[in-house]
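Worksheet for the structure shown next.
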Amino acid sequence: MATKHPTRRNILKIGGGITLVAAGGLLWRAEDRGVFTHGEGPAYSAWGMWNAPEYKGTPFALVAAAVLASNPHNTQPWYFRVTDTSVSVEADRARHLGSMDPYLREMHIGLGCAIENMMLAAPVNGFAATPELQTGSLAEDASRSGRSLAAIIHLAKTDPASEPSPLHDAIARRHTDRGPYDHDRNLPDGFTGGLASLANGMPDVHLRFIADGDARERIDSAIVNATTAIVADDDMLHDSNVWFRNGPDDIEKHKSGITLDTAGMPPGILAAAKMLPPLSAETSHRAWLNATQDVHVPSAAAMGVIAVADRHDIKSSLEAGRLWQRIHLTAALAGVAMQPLNQPVEMADRDKQLGRAPDWEKRISAFSDEGFEPTFCFRMGMPTRQAPASPRRPVDEVSETA
């Protein structure tokens, strides 16, 4: 029997079919991995509910604002117990960063951010709010289980404010921008001076900006060197990677953590990264180091440092967080991008935890006045794109009626 050879037309038909199947498979994976979407689904519903009518005029309106606050690694380390006359803010210590935050200092800065959002939401919802911040030393109690009281927000009913603070209206507009900033565009005139005024009346908290000169070179170098040290530390690498979310299913499961969308990658690279299998901790953190060195530091218009008398003091950490939240909300109103770059302080705490020589402590001391200890570093600049929202746990998952 003669052998029947495939014709050119049949080859093209077969090839086209294979191409169609492959394209269909890629399209399915792209959709499954969230290449075409971001910020949709229950993990992002809190951003649309923070000012919802069902919360209006109730203490839960304060909680709805609190869950949108800045916090370390988007760990959302909070829990709220609500009564008619108060909201207790608790540290959910199980949502810790391990060796990245051995004294839960950054956790309490995040809680301070949540408290500030609550204070901004109180007047417009008809409450006069008085915060009672807890005292004590994080260096003496850094347990990583259970919950501990951070603050009580005492509430008294009053007429709703006719005009809310502009910062209140910025609560849902504030997002961390980890992308490149436009170094050719200057910060708005008087911007840093306006930020400095936010620390007025806070004698135990110091705010400094570093834009150029030797001081800028030193802080830039410290940030890159600290990131390098973190990537080389297996425990810190692991504890940071625990909070990285891989794909839509992971995001919906946890409603927290760092996502590819919020990592600041260019759109093409972001789409490719979503299509690939999950990266190893080493690979993803090496990319973080490269971004810190090549993008975050050099594109920043200025660096900022928040310092306190004792960075392991609970009340000081909460106050530092309240200030950072005001700074970031003010930046959102002015169209200025911001991102925490707190690696040098994290390394100082790591040295303390391991009983090593305080080399990082000495290094960061150059960034604050005598008698103050840096507790929070950040960068600022003009954005090149709109920063995306991060996933958030909604009110009903982080609160209860006491």
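General remarks:
- Calculated log₁₀ intensity ratio I(q)/I(0) where the Debye formula runs over C-alpha points of segment 261-308, q = 0.18, 0.19, 0.26, 0.28 Å⁻¹: -0.69, -0.74, -1.07, -1.15
- Cα-only Debye scattering, segment 276-388: base-10 log of I(q)/I(0) at q = 0.16, 0.21 Å⁻¹: -0.90, -1.25
- Segment 125-184: C-alpha gyration tensor shape, a/c 1.5 cut-off, then a/b vs b/c: oblate
- Estimated translational D of the chain in µm²/s (Stokes, Kirkwood radius over Cα pairs; 4 °C; 1.567 mPa s): 58 µm²/s
- For segment 357-369, the Karplus equation 6.51 cos²θ - 1.76 cosθ + 1.60, evaluated at θ = phi - 60°, returns couplings of 4, x, 4, 6, 4, 5, 5, 6, 4, 5, 9, 9, 6 Hz by residue, with Gly and Pro reported as x.
- Rounded to the nearest 20 debye, the dipole magnitude of segment 176-381 is 360 debye, with +1 charges on Lys and Arg beta carbons, -1 on Asp and Glu beta carbons, and the Cα centre as origin.
- Low-density loop cleavage sites - trypsin sites (Lys or Arg not before Pro) in segment 125-209, where at most 15 other Cβ are within 10 Å (DSSP): 144, 185
- Cα-based helix-to-principal-axis angle, 213-231 vs the chain, degrees rounded to 10: 60 degrees
- The GluC sites (Glu not before Pro) found in segment 314-402 that occupy coil by DSSP, while having at most 12 further C-beta atoms within 10 Å, are 370.
- Rounded tilt (10° steps) of 343-354 against the dominant C-alpha axis of the chain: 70 degrees
- Sequence-distant residues sharing a close amide H with residue 302 (under 5 Å, placed H): 380
- Most mobile of 172, 271, 357 in a GNM of the chain (Cα contacts under 10 Å): 357
- Using a Gaussian network model of the chain in which every pair of alpha carbons under 10 angstrom is joined by a spring, one finds that among 114, 331, 161 the greatest mean-square fluctuation is at 161.
- Taking amide H positions as modeled 1.01 Å from N, with prolines and chain starts lacking one, the residues under 5 Å from residue 257 and 5 or more places away or on another chain are 75.
- Cα-based helix-to-principal-axis angle, 8-32 vs the chain, degrees rounded to 10: 10 degrees
- For segment 306-316, the Karplus equation 6.51 cos²θ - 1.76 cosθ + 1.60, evaluated at θ = phi - 60°, returns couplings of 9, 10, 9, 5, 9, 6, 9, 7, 4, 4, 5 Hz by residue, with Gly and Pro reported as x.
- Cα gyration tensor category, rounded, prolate or oblate, for segment 42-171 with a/c compared to 1.5: prolate
- CD proxy at 222 nm, helix term only [per DSSP H run n ≥ 4: -39500 (n - 2.57); per residue of the chain; nearest 500]: -12500 deg cm²/dmol
- Based on alpha-carbon atoms, the Kirkwood radius and the radius of gyration of segment 176-381 give Rg/Rh equal to 0.96.
- Across the chain, the relative contact order, built from alpha-carbon pairs under 8 Å that are at least six residues apart, equals 26 percent.
- In this simple spin-label model, placing a label point 7 Å from the Cα along the Cα-to-Cβ direction at both residue 137 and residue 286 gives a separation of 4.2 nm.
- Nearest-20 debye value, the chain charge dipole, Cβ charges on Lys, Arg, Asp, Glu: 1740 debye
- ³J(HN,Hα), Karplus 6.51/-1.76/1.60, whole Hz, each residue of segment 232-246, x for Gly, Pro: 7, 9, 4, 5, 5, 4, 5, 5, 6, 5, 3, 9, 8, 9, 10
- In this structure, the amide hydrogen of residue 399, modeled 1.01 Å from its nitrogen in the peptide plane, lies closer than 5 angstrom to those of 80, counting only residues at least 5 positions away or on a different chain.
Read-outs: derived from the displayed coordinates by stated rules, not from any lab. This one's a predicted model, so the numbers in the text were calculated from it and none came from an experiment. Cβ coordinates were reconstructed from backbone atoms using ideal geometry, including for glycine residues, and neighbour counts include every protein chain displayed.
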